[in-house]
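Colleague: One structure is given below, represented as structure tokens, and several questions about it will come after.
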Amino acid sequence: MLHAKTMVVDGLWASSAPQHRHEEFVLNFEIGAVVFDPVFARTLADRFLTDLAQSREVAPREVWRRSSSRGSPRRRRLFSPLL
């Protein structure tokens, strides 16, 4: 699974970054990109729509059931960003 925060604006430019909140910029040393290119923006939008078409909704109850069956509460908390 690839996790990325992406944004396409008016089909003209796109952003791909590990964060989009100001607080995360202060504490995070990862880098993002802003690209002013309609072709890149369309490609990013198309990839999102492809992923969305292959996705399914996961109910909170299902997430809890999955995570509660994966070990002790301490271990679940340690791996919670990955669950």
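Colleague: For the stretch 36-57, give me the residue count where each residue is within 13 Å of residue 15 (Cβ to Cβ) and either free of Cβ contacts under 8 Å to residues at least 40 places away in the same chain or among the small types (Gly, Ala, Ser) (or both).
Modeller: First pass over the stretch 36-57, keeping only residues within 13 Å of residue 15 (Cβ to Cβ): 36-37, 40-41, 44-45, 48.
Now narrow it down to the ones that are either free of Cβ contacts under 8 Å to residues at least 40 places away in the same chain or among the small types (Gly, Ala, Ser) (or both): 36-37, 40-41, 44-45.
Of the residues in the stretch 36-57, 6 are within 13 Å of residue 15 (Cβ to Cβ) and either free of Cβ contacts under 8 Å to residues at least 40 places away in the same chain or among the small types (Gly, Ala, Ser) (or both).
Colleague: Here is a follow-up. Considering only residues that are assigned to a loop (DSSP other than H, G, I, E, B), closer than 26 Å to residue 16 by Cβ and at pLDDT 75 or above, which ones fall in the stretch 41-83?
Modeller: 54, 55, 56, 57, 58
The values are calculated or read from the model by the stated rules, or taken from the named source; none is laboratory data. The model shown is predicted, which means the values in this text are computed figures rather than measured ones. Ideal geometry is used to build each Cβ from the backbone, glycine not excepted, and the neighbour counts take in all protein chains shown.
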